[in-house]
Amino acid sequence: MENLELAVRAVKEAFPGMKLLEQEPMSAHSSFRIGGPARVIAYPQDVTSFSRLCSILKEHHIAPFILGNGTNILFPDEGLQNLFLVSTENLQKIFLLPDGAIYAEAGVSLARLSMFAQENGLKGLEFASGIPGTIGGGCIMNAGAYGGELKDVIESVVFLYVPDQGLYEMLNADCGFGYRQSIFQKTGGCLILSAVFRLEPDDPEAISARMRELVEKRRAKQPLDLPSAGSAFRRPEGHYAAALIEGAGLKGFRVGNAQVSEKHAGFVVNLGGATSHEVYDLMMEVRSTVYQKSGVTLEPEVMILPPDYHLEDNGPPAPRNRIFPVNGAEDASESG
Ligand SMILES: Cc1cc2nc3c(=O)[nH]c(=O)nc-3n(C[C@H](O)[C@H](O)[C@H](O)COP(=O)(O)OP(=O)(O)OC[C@H]3O[C@@H](n4cnc5c(N)ncnc54)[C@H](O)[C@@H]3O)c2cc1C
């Protein structure tokens, strides 16, 4: 706690002009519209100040919690007083590389990325146009929909690794991408800064038509008019979470103002003023009923943050498989 206060002071001194929100309600930063005040959220202007900010935090033994669009997190009503949140909102660069690949920073939304690809006659990101998260959040969990996943189109990812403060570039094959998972998620401490996407050329009109079709599908099936965090549970192997929940008679089931969506049983929605405790209790009830009825254990896909959540700044060594340090960081690929 003391370290956190010292870190806040040091960041204010080092970046007098940086946007810094204190005691900011997380409900304003969450697609669930739930969450009490966070001690601090910082908004570095660019990748360089992002890295500098993280090294100041490291000096105070604070590991930053990275905030994308907040579309996959349940923030606690009690707030987050132990965390230093850093937003990727200003990391918005996106451009075509000379070889036709797309370079985009972590804060670029998946919607903007897929639109940029379409405008440049590049196919492969149509699936991402309706996912409300950022590239950073998407890389962490290998976001996907309608048969497509980021792992199909990512060539490489650049990240800052908190424990050694090194900048690394990792090729797709080494990112450990699987169903809604990545090596970044497993290892922890990896702050995604940017990614390169390799796509195929196609007619922009045809790409646009496919994007419209998928967005329509989403509108027809998902409760997009109510706050949620998308699918509440991961897809269990050999099953669909929504079908199991519906089969257990839980469609429309409520705890307070949290509800299993009547439109899509895989979504938990906030009917207005739901608390994080209500969402949590609802999810646990769904989990135990589905287990009793089908023998299948549902695992949350949404990240559930407890109020006392804190991060260690000294994690395991950086994931080492064919990682190429950039910007003069120590060559991690040689050791280990
Ligand atoms: C209506 C709705 C529909 C959805 N549909 C889909 C779907 O079809 N497919 C799908 O996969 N998901 C879907 N989601 C979930 C969500 O949009 C994705 O998981 C998205 O990838 C999360 O991105 P974000 O920027 O919002 O991440 P956040 O929610 O802000 O963060 C999620 C996690 O990623 C970490 N993180 C974020 N950015 C970084 C970074 N730069 N570096 C390191 N860590 C980072 C955070 O610390 C946190 O642990 C849906 C959500 C909603 C609300």
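Any read-out appearing in this document is the output of simple, stated calculations on the displayed coordinates, not a laboratory observation. Fair warning: this is a prediction, and the values are worked out from it, not measured in the lab. Note that we place each Cβ from the backbone using ideal geometry, even for glycine, and neighbour counts take in every protein chain shown.
Observations on the structure shown:
- Here the residues 228, 30, ranked from fewest to most Cβ neighbours within 10 Å of their Cβ, fall in the order 30, 228.
- Expressed as a fraction of 2.2 N^0.38 Å, the C-alpha radius of gyration for segment 101-227 is 1.06.
- Helices in the chain, meaning DSSP H runs of at least 4 residues, each add -39500 (n - 2.57). Divided by all residues, the mean residue ellipticity at 222 nm is -8500 deg cm²/dmol.
- Bridges between two residues of the chain, per DSSP, are antiparallel at a rate of about 85%.
- 24 Å tail of the calculated P(r), segment 34-144, as % of Cα pairs: 33
- Note on segment 2-87: antiparallel DSSP beta bridges, both residues inside, total approximately 45 percent of the bridges counted.
- When the chain is treated as a GNM with alpha-carbon contacts under 10 Å, the residue of 42, 206, 106 showing the greatest mean-square fluctuation is 206.
- Radius of gyration and Dmax over the Cα atoms of segment 233-300, both given in Å: 11.0, 35
- For the chain: lysine pairs under 14 Å (alpha-carbon distance), excluding those fewer than 8 apart on one chain: 4
- For segment 106-155: Kirkwood Rh in Å [reciprocal of mean 1/r, alpha carbons]: 10.5
- Mean-position separation - Cα centroids, segment 62-100 and segment 166-203, in angstrom: 16
- Fluctuation leader among 72, 82, 120 - the chain, Gaussian network, Cα springs under 10 angstrom: 120
- A viscosity of 0.890 mPa s and a temperature of 25 °C, combined with the Kirkwood radius over Cα pairs in Stokes-Einstein, give a translational diffusion coefficient for segment 2-87 of 189 µm²/s.
- Rg then Dmax, both in Å and based on the Cα atoms of segment 158-304: 18.8, 50.
- In units of the compact-protein estimate 2.2 N^0.38 Å, the chain shows a Cα radius of gyration of 1.00.
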